[in-house]
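**Student:** I'd like to ask some things about the structure below.
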Amino acid sequence: MKIKDNLLNKEQVLKNISKNNIQILSDIKILKKTGSTNDDIKNILNGIISHDFIYFVISEQQTSGKGTKGKKWYSPYGKNIYLSMGWKSKFPLSKFSGLSISAAIEIVNSLNKELNLDLNIKWPNDLMLKGKKAGGILVETSSDKKETKIVIGVGINVLMSNASTSKIDQEWTSLIYHVRKSLDRNRLAALIIDSLLNLSRNYSRQGFRNYRTKFKKLNFLKGKECKIKTEKNSYFIGKVMGISNKGELIVKNKDKEHLIRSSANLIEIN
């Protein structure tokens, strides 16, 4: 395995983004260290007036990276990809249901093609490789009557090794363990940016409809039995059937199908 041990470089990232998408990209900013790239993007969006503004922040390290369910995302220096996309849209928030799944689909398909991997998606936003978590996506939104502000945070384990950390409390993996070709983080960052720019084009035109079909092949939980927590704090066991038109997880218990809207209600069993 060859590793291109270079730091992230704006020029190198930009030259690997497709020509069509360069036209809709406002800019990218690369930092050595930050608290959270999602928080950085929120601050940038607050000062922007124009619609269809798309901006990226990438950092070599995060000191307060965010995961799902309030967990901290461990972010060692110079090993992985930590980036966030800021997108200011004229469309209402209701148009963006299923966005985290759609972002995951774009990214997974791009990385699978580039690196000959078999990444799939654990609903709603975990990127899985050989049954272990290799990355995650955190979408945060806010809106008013005039616009919607969207922040899509992406973390991908690239060069992180087992020897580098004992701070992660779940099974995880890194791309370095699964590829035979050289890993260049600048190239990978550009692929992820390109994927999210494709998302902004496709989602604005078609919404979640086409992504639901694509998710079927990538659904890590398909056919699995899961323990579901209800709003009354009781539990039931159900089989994962798929996702709804709004990106909700469909779980069947006996003859009844339930729509699960939050990962906080999902406890995987097998």
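The values are calculated or read from the model by the stated rules, or taken from the named source; none is laboratory data. It should be emphasised that the depicted structure is a prediction, and the values quoted were computed from it without experimental measurement. Cβ: placed from backbone, ideal geometry, glycine included. Neighbour counts: every protein chain shown. For accessibility, only protein heavy atoms count, side chains too; no ligands or nucleic acids. Shrake-Rupley method; radii C 1.70, N 1.55, O 1.52, S 1.80 Å.
**Student:** Set Lys and Arg Cβ to +1 and Asp and Glu Cβ to -1, take the dipole of the chain about its Cα centre, and tell me which of VAL154, THR34, VAL13 lies farthest positive.
**Tutor:** Of the options given, the answer is VAL154.
**Student:** Hey, what do the phi angles of segment 19-24 turn into as Karplus ³J(HN,Hα) couplings, whole Hz, using 6.51/-1.76/1.60 and θ = phi - 60°, x for Gly and Pro?
**Tutor:** 4, 4, 7, 4, 5, 9
**Student:** Okay, moving on. Can you tell me how segment 2-136 classifies by the Cα gyration tensor, rounded, prolate or oblate, using a/c under 1.5 as the rounded cut? Mind showing how you got there, number by number?
**Tutor:** Values: a/c = 1.29, a/b = 1.15, b/c = 1.12.
Rounded, since a/c falls under 1.5.
**Student:** I'd like the antiparallel share, as a percent to the nearest 5, of DSSP beta bridges with both residues in the chain. Can you show the working numbers first?
**Tutor:** Values: 50 of 59 bridges.
So the antiparallel bridges amount to about 85 percent of the total.
**Student:** Note down the magnitude of the dipole of the chain about its Cα centre, charges +1 on Lys and Arg C-beta and -1 on Asp and Glu C-beta and zero elsewhere, to the nearest 20 debye. Before the final figure, lay out the partial values.
**Tutor:** On the way: 48 positive and 24 negative charges, 105 e Å.
The dipole magnitude comes to about 500 debye.
**Student:** Here's a follow-up. Can you show me the helix-derived [θ] at 222 nm for the chain, built from DSSP H runs with n ≥ 4 at -39,500 (n - 2.57) apiece and divided by the number of residues, rounded to the nearest 500.
**Tutor:** Numbers: 6 runs with 65 residues, N = 270.
Result for the chain: -7500 deg cm²/dmol, rounded to the nearest 500.
**Student:** Right, another one. Taking θ = phi - 60°, what integer Hz values does the Karplus form 6.51 cos²θ - 1.76 cosθ + 1.60 yield along segment 36-42, in sequence order, with x for Gly and Pro?
**Tutor:** Running phi through 6.51 cos²θ - 1.76 cosθ + 1.60 with θ = phi - 60° gives 8, 5, 4, 5, 4, 5, 4 Hz.
**Student:** Work out the charge dipole of segment 101-144 with +1 on the Cβ of Lys and Arg and -1 on the Cβ of Asp and Glu about the Cα centre, then indicate which of ILE105, GLY135, LEU117 is farthest towards its positive end.
**Tutor:** After comparing all options, I get LEU117.
**Student:** Related question: Restricting things to Cα coordinates, could you compute the convex hull volume per residue of segment 221-265 in Å³? If you can, show how the numbers build up before the last one.
**Tutor:** Values: hull volume 3.2 nm³, N = 45.
So the per-residue Cα hull volume is 72 Å³.
**Student:** Given H placed 1.01 Å from N in the peptide plane, which residues other than close sequence neighbours of PHE91 have an amide H under 5 Å from its amide H?
**Tutor:** THR148
**Student:** Beta carbons within 10 angstrom, averaged per residue: use that to sort the peptides 44-52, 121-129, highest first.
**Tutor:** On the way: 44-52: 12.1, 121-129: 22.3.
Ranking, from highest mean packing down: 121-129, 44-52.
**Student:** I would also like to ask the following. Put GLU140, GLU60 in order of accessible area, largest first, 1.4 Å probe: what do you get?
**Tutor:** Numbers: GLU140 50, GLU60 0 Å².
Result, largest first: GLU140, GLU60.
**Student:** Any idea what log10 I(q)/I(0) is at q = 0.08 Å⁻¹ for the chain, Debye with uniform C-alpha scatterers and no solvent?
**Tutor:** Values returned for q = 0.08 Å⁻¹ are -0.32.
**Student:** Report ³J(HN,Hα) in whole Hz for each residue of segment 128-145, in order, from the Karplus equation J = 6.51 cos²θ - 1.76 cosθ + 1.60 where θ = phi - 60°; Gly and Pro get x.
**Tutor:** 10, 9, 6, x, 10, 6, 10, x, x, 10, 10, 9, 10, 10, 8, 7, 9, 5
**Student:** Something else about it: For LEU221, list long-range residues whose amide hydrogen, built 1.01 Å from N in the peptide plane, is under 5 Å from its own amide hydrogen.
**Tutor:** TRP123
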